[in-house]
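Single-structure report; data block below.
Nothing in this text is a laboratory measurement; each read-out follows from the coordinates by a stated rule. These figures come from a predicted structure and were not determined experimentally. We place every Cβ from the backbone using ideal geometry, glycine too, and count neighbours over all the protein chains shown.
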Amino acid sequence: MAKDAPLTVAVIGAGIVGLCAALEIQRAGHHVILIEPGDPGGRQAASYGNATWINPGAIAPISLPGLWRKVPGFLLDPTGPFTVRWRDLPRHAGWLARFIAAGRDWDRIATIARRRYPLCKDTVADHRTYAAEAGMGHLIRQQGLVYVYPDRSAFAAESRIWTMRQELGVRFSEVEEAELRRLQPELSPRYRFGARLDDAGQIADPGAYCAALARLLEARGAQRVGARAASFVLDDGKLRAVMTDQGPVACQRAVLAAGIGSAGLARLAGDRVPLISERGYHIVIPEPGVELGAGLMPSDGQMGVVSTPQGLRLAGQVELADPAAEPDWRRAEILLGFARKMFPGQADRFGTPAIDRWMGNRPSTPDGLPCIGFASRSPDILHAFGHAHTGLTQAPATGKLVAALIDGREPPFDPAPYSARRFGR
Ligand SMILES: Cc1cc2nc3c(=O)[nH]c(=O)nc-3n(C[C@H](O)[C@H](O)[C@H](O)COP(=O)(O)OP(=O)(O)OC[C@H]3O[C@@H](n4cnc5c(N)ncnc54)[C@H](O)[C@@H]3O)c2cc1C
C-alpha cells in the first residue's frame, strides 16, 4: 500500500510497458488512469506483433563490435535482416553513428549486458504472476527458447555472448543434432546444432495478454481514457495534468510509456532522447502443419519463430525508416522465405492467402538500454520507454522500478544506467 496518501497516476500508453507499470503502481495503492488512444495491445502497438519471447538471456544489444563493416550492406541489400531506407538515411545517420559507437568493443558490450540483466532476469516469473491474475495463465509457455545453427562452429562464433550469459547466471544447454531432430522433427536438416535457453518462455498471444491486463487494471479500479497525450500541465515544476486531444487529465504523477510515441513528450518533459523506430515485421501462417515446442531463432535469419494460437509466427527484421511510412511488405516475404527454408516439408501449406502480415515500431535508443526514471523538468513525470527489441521481456522489471521510484522506496536495482540524461539535454 502507498506509504503516504494514494496518488493519482496517469500512465501514457497501454502497450506492455505501460500496462506492467500500471499494475505495479496500482499494487502500491495508487489510483491509475490509463491514457491510450487505441486498444490496449492492439495492432498499433509493438506489444501486439512481437516474437512473444520472454527471455532472461536477452542481455546482448543489437550493435556488436564489427557492425560498422556491415553498414554498406545494410544500405545496398534491401533483403538483409537489417536495412536502412536511403531516403531516411540523412535523418537516421546520427542515431546510426551512436548505435555503432555503443557496440564498438567487448568491454562496452559486457557493461551493457550487466545493465540489461536486472531488467530481464525475473521476466518469466513476473509474467506468470500477471497472467494468472488476469486469468490468462495458459498463454505463458515455458519450454525454453532454442537458437538453431547450421553447426557447432556457427554457435562457437557467438561464444562471447553465450559466455556472458553464463557468467550472469543464465542457464542454457547445448542441443546436439539427434536431440534437435527429436525435439523438432520438421526442422530442416540444414540446422544441426542448438543452444537452448532453459529458463526462457513465451507469451503465446501478446495482444490478447495486453487486453487482459487492461481489463484486470480496470476491474481493480483503474480508469481508461481513450485519448492521445499531447503535453504536460506543470505549475512551478509540479504536475497538475496531462493534456490530451480530449482535454486535460488531472493527475499528480505521469508515466511516459508511449513506445515510439514517447520522444516528443519526453522533450516536453526536458529530455532529448534519440529514439527512432527499428521497424519490424511478422507473418502468421494459419494451420502450418507444424507445432513448435520451444520457440526457435535461426542464426542465419535472426528472427523469432514460434507457435501461437493463430498459427506459426515469424517475427523479426530491422528496418530504419519513418514509423509512419508505408510498410515494405517485401520484408514479410523474406520471413515467408525463411518459413519455407526452415520447414521444407510443410512449405506447400505456406502459400495460403490467409497469412497475416504486420509491421510494428520498436522504440529504440542507440545504446541498447531503455529510458526509465525521473524526467528532467519535473520529478512528477517518469520515463518508461525505449525497450527496442526486448520490451515484452523487460516490462515487468521496468514497472517495478517505476513504482518504487514513485513511492521513494528502495529501488529493486540501480536506476542510474537508464536515466534519459545520459543523452544530454
Ligand atoms: C517484430 C518484433 C519482434 C519483437 N520480438 C520481441 C520478443 O520476442 N521479446 C521481447 O521482449 N520484445 C520483442 N519485441 C519488442 C517489444 O515488442 C517492444 O519493445 C515492446 O512491445 C514495447 O512496448 P511499449 O509498451 O513500450 O510500446 P508499444 O507496445 O508500442 O505501446 C505503446 C502504446 O502507446 C500508445 N501511444 C503512443 N503515443 C501515445 C500518446 N501520445 N498518448 C497516449 N498513448 C500513446 C500507442 O497507441 C501504443 O498502444 C519485438 C518487436 C518487434 C517489432
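Counting only helical runs of four or more DSSP H residues, what would the 222 nm mean residue ellipticity of the chain come to if each run contributes -39,500 (n - 2.57) and the total is spread over all its residues?
-9500 deg cm²/dmol
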(message) Among DSSP bridges having both ends in the chain, what percentage is antiparallel? Round to the nearest 5.
(response) 70
(request) Starting with the fewest neighbours, write out Ile406, Ile372 ranked by other beta-carbon atoms found within 10 Å of each beta-carbon. (result) Ile406, Ile372
(request) Under 1.5 on a/c is rounded, so check that first for the chain, then, if it is not, pick prolate when a/b is larger than b/c and oblate when it is not; a ≥ b ≥ c are the square roots of the alpha carbon gyration tensor eigenvalues. (result) prolate
(request) Take the alpha carbon atoms of segment 205-265, find their center, do the same for segment 393-425, and report the distance between the two centers in whole angstrom. (result) 18
(request) Scan the chain and hand back the longest stretch that contains none of the GluC sites (Glu not before Pro) lying in DSSP loops with at most 16 other Cβ atoms within 10 Å. (result) 1-157
(request) Rounded to whole Hz and in sequence order, give me ³J(HN,Hα) for segment 238-248 from the Karplus expression 6.51 cos²θ - 1.76 cosθ + 1.60, θ = phi - 60°, writing x for Gly and Pro. (result) 8, 7, 9, 6, 9, 7, 10, 6, 10, x, x
(request) Return one number: the angle in degrees, 0 to 90 and rounded to the nearest 10, between the long axis of the Cα atoms of helix 123-133 and the longest principal axis of the Cα atoms of the chain. (result) 70
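Let a ≥ b ≥ c be the square roots of the eigenvalues of the Cα gyration tensor of segment 136-268; is it rounded (a/c under 1.5), or, if not, prolate (a/b larger than b/c) or oblate?
prolate
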(request) For helix 206-219, report the angle its Cα long axis makes with the longest principal axis of the Cα atoms of the chain; keep it between 0 and 90° and round to the nearest 10°. (result) 20
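When a/c is below 1.5 the answer is rounded, else prolate if a/b is larger than b/c, else oblate, so apply that to segment 337-425 with a ≥ b ≥ c taken from the square roots of the Cα gyration tensor eigenvalues.
Prolate shape, in that a/c is at least 1.5 and a/b is the bigger ratio.
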(message) Between 0 and 90 degrees, rounded to the nearest ten: what's the tilt of helix 159-168 against the longest Cα principal axis of the chain?
(response) 50
(request) Would you mind calculating the relative contact order of the chain from Cα pairs under 8 angstrom and at least 6 residues apart, reporting the percent as a whole number? (result) 25
(request) Report the net charge of residues surrounding Arg87, where surrounding means a beta-carbon distance below 13 angstrom and charges are Lys +1, Arg +1, Asp -1, Glu -1. (result) -3
(message) Within the chain, how many Lys pairs that are eight or more residues apart, or on different chains, come under 30 Å at the alpha-carbon?
(response) 6
(request) Between the alpha-carbon centers of segment 66-131 and segment 1-58, tell me the distance in whole angstrom. (result) 24
(request) Determine the sum of side-chain charges near Thr308: Lys and Arg each +1, Asp and Glu each -1, restricted to other residues whose C-beta is under 14 angstrom from that of Thr308. (result) -2
